[in-house]
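Asks: Questions regarding the structure given below will be posed in turn.
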Amino acid sequence: MPIAPVLQRFVDDELARAPALIERTVAGTLRLLGDAKDSPLAAAERAQQSTIAQALQVHGAAFQHAFVQAMHLGVQQALDDSADGLPGGAAGAGSGLELMDESRVEIDIEISRAMQLIDTTAEWELRELQTFTSTLVGQTHVSAQSNPFRPLVVATALWQAACVVSPVQAHRTTLLRVSAGVAAGLLKNAWAAACTRLESQGVEPGIYRTVLLAPGAVSPRKEAPAAADPPDVLASLLASMPAGRPWITVGEHGDATPATGTPAVPVPIAPAPASAATPAASQASPLERQTTELLNRVFDAMAADPQVPAPFLALLARLQGAALRMALFDPEMCGSTDHPAWRLINRIGAAGTGHPLAGDPRTVALLAFCQTLIEQLGHTAEPDASLYRRALTQLDAFMADQWQAQLHAAQRAVQTLQSAERREVLEQRLAQRIVDQMVPVRTTPTVRRFMTGAWAKVLADAMLRDGDDAPTTRGYIKLVDELLWSVQLPDHPQSRQRLVTLLPSMLQRLRAGMEQIGLPAAEQAGMLDELMAIHTEALRPGRGEAATLTPEQIVQRMRNEVLPAATGHGGFTDSVIDLASMETVPADVLPSGGSAAEPAKRIEALRPGDRLRLFLQGRWSNVQLLWRSDLGLFFLFGGDTAARTHSVTHRALERLNSAGLVQPLETSPLLQRALDSLARELVRPG
């Protein structure tokens, strides 16, 4: 969809000011990093200030260039997404499996913090700018999505700029925090100036009727949980209704519309002529008139709900006539929010909130199905709560089928995660066995970390790939015994001779295993250097003496030693790793501790089919849990589009939850939000 010329001029003008903005941001960041006394950083980060400042001075030009480039790309993506009705970052998102672990979500957490800092610092200027950008894009309401220069775009650009300054993750996050604080103050003035320029150009700001937050645009602010409403909340509201407005507006197909909607011909509330279930308007009692008034106001409030997409609100408006007939026929509907009619309305509202993309095939199919249900209810002459129960069951079944279809399409991802869980559990078990085997061994921390970490991965990879009985696997297992024996070598000529014989094969298998798991070259070199130092000392005869022999002299003296007769030594100690027991992975190997923390409880409560909002890959997404692994180590979520999935580890999900980046899809049901709005309206003075 082409962008309006007036909006394009605004975008080009603001992007042209980006180099000056980031130049001033760099200058301010360097001042803060150079001032240790008034530093906004924590004590642990202050120690790295000078290092980060030096890196920023060296790579300052690259930092600025990366920011400007990222802003151009981010703004263009935001414009494309707004034109297509997609949440930020959704367009063009790949469907490949990318596992979100703790290290990856830490980046998202830092970007979200920077975004929040910018949002809160320049909150009023940002809101004012949104009133102008909403006019530029031709919207009749104020929308955060209308502004392509939203805080998320700026925070993401700052992160990408920080990545060119240092390869160290801690330095990047510190630089992001400081630069975001500086940029927030500059943006406060920049956005205020942009509003002034637009106003001078004759652009009229939109009216603050409803501010619609773009899906994935900003983090929801935490609010205190609302107090539970009394059971008779509907009855209380009903009693406060005037006995007026015995009419509602009905469309050409017999569907009611809210009083604030398009004018239609007013007709009395009455069912089909063949039914006497509902009295004519002229014969309506005061209670029936109050019921009509209450239903009108409730549907008016629901029609203005900002969380439900417009197509679903239009569907609910078509349900008003049938709902009113149900309320007049069954007084229980105005006495309980748990009535099947209200439950159906809540379910449709929640379904719409979970399907914000109008062009998504799932959304199109859901809208068509809900429309069929509502038409069936609207054409029913005799109101009956059982009809709404049946409609609820049908809607739940349809949505379950949609979930199953997406889960079936994601089977390759599920199989990959199942394999990853088997690998991780196997690694944990192998690591524990190696720990037990190393208890009596005196060696360096580097060797211990390597054996219980990297080498456990090597063993798990070989067992899952080649099998327990493969020569490669057995060689890697045997290396555990050989290496642990070699680091505590007895000071004896026979032991030294055996070590010389074993070293070539042992080092060859060691290098092969490290390459197999892709261990970084620096870690490989560090481990080999550590072993060389240990073995050099082990090969030195008379290690208790203060010998100063070179490695060459040590080897020569070993060759001159006379080995005693064989003593029938049976080789190395039996390995603690029992191959026979590794055929299956028991479910009880998962680490277990005391009482679970609160974030863990919330994550453990998630079940397939649940919907929520996650901040992943730099944006908020409405997701549905498609699958969780048997042991709960991995979760697979369906994303904003049918082809997109997100795979997240349990620990990463807990980390996101503790940072407030896992949110319920709805803070309260649609009906409850409407009743809260109506209650506030009734107690408003005047």
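The values are calculated or read from the model by the stated rules, or taken from the named source; none is laboratory data. Note that the coordinates shown come from a computational prediction; the quantities given were computed from them, not determined experimentally. When we count neighbours, we look across all protein chains shown, and the Cβ atoms used for this are built from the backbone with ideal geometry, even at glycine. Just so you know, the surface numbers come from the protein's heavy atoms only, side chains and all, with ligands and any DNA or RNA stripped out. Shrake-Rupley method; radii C 1.70, N 1.55, O 1.52, S 1.80 Å.
Asks: How big is the stretch 408-495 by Rg and Dmax over its Cα atoms, in Å?
Replies: 16.3, 64
Asks: For Ala512 and Glu106, what does the FRET efficiency come to when R0 = 25 Å and r is the distance between their Cβ atoms, rounded to the nearest 0.05?
Replies: Working: r = 32 Å, r/R0 = 1.30.
So the FRET efficiency works out to roughly 0.15.
Asks: Out of residues 5 or more away from Thr645 or on other chains, whose amide H comes under 5 Å of its own, with H placed 1.01 Å from N in the peptide plane?
Replies: Under 5 Å from the amide H of Thr645: Gly639.
Asks: Give, in nm to one decimal, the length gained when the segment between Asp630 and Arg442 is fully stretched (0.36 nm per residue of separation minus the Cα-Cα distance). The partial results should precede the final answer.
Replies: On the way: separation 188, 0.36 × 188 = 67.68 nm, distance 3.81 nm.
Taking 0.36 nm per residue and subtracting the Cα distance, the gain is 63.9 nm.
Asks: Give the ranking of Glu482, Glu125 by solvent-accessible surface, highest area first, calculated with a 1.4 Å probe.
Replies: Working: Glu482 5, Glu125 30 Å².
Ranked list, largest accessible area first: Glu125, Glu482.
Asks: Can you compute the modelled spin-label distance between Ala239 and Thr501, with each label point 7 Å from Cα toward Cβ, in nm?
Replies: Output for this residue pair reads 9.7 nm.
Asks: Rounded to the nearest 10 Å², what accessible area does Val364 show when all protein chains are kept and the probe is 1.4 Å?
Replies: Taking all protein chains as shown, Val364 has close to 80 Å².
Asks: If you don't mind, another one. If packing is taken as the mean number of other Cβ atoms within 10 Å per residue, what is the order of 518-530, 450-462, 603-615, 490-502, highest first?
Replies: Values: 518-530: 13.2, 450-462: 21.8, 603-615: 16.8, 490-502: 15.2.
Top to bottom by mean Cβ count within 10 Å: 450-462, 603-615, 490-502, 518-530.
Asks: In what sequence, largest accessible area first, do Leu426, Leu328 appear using a 1.4 Å probe? Before the final figure, lay out the partial values.
Replies: Values: Leu426 5, Leu328 30 Å².
Correct descending sequence by accessible area is Leu328, Leu426.
Asks: Could you check the spin-label model distance between Ser386 and Ser50? Points 7 Å from the Cα along Cα→Cβ, value in nm.
Replies: Taking the simple label geometry, Ser386 and Ser50 are separated by 8.3 nm.
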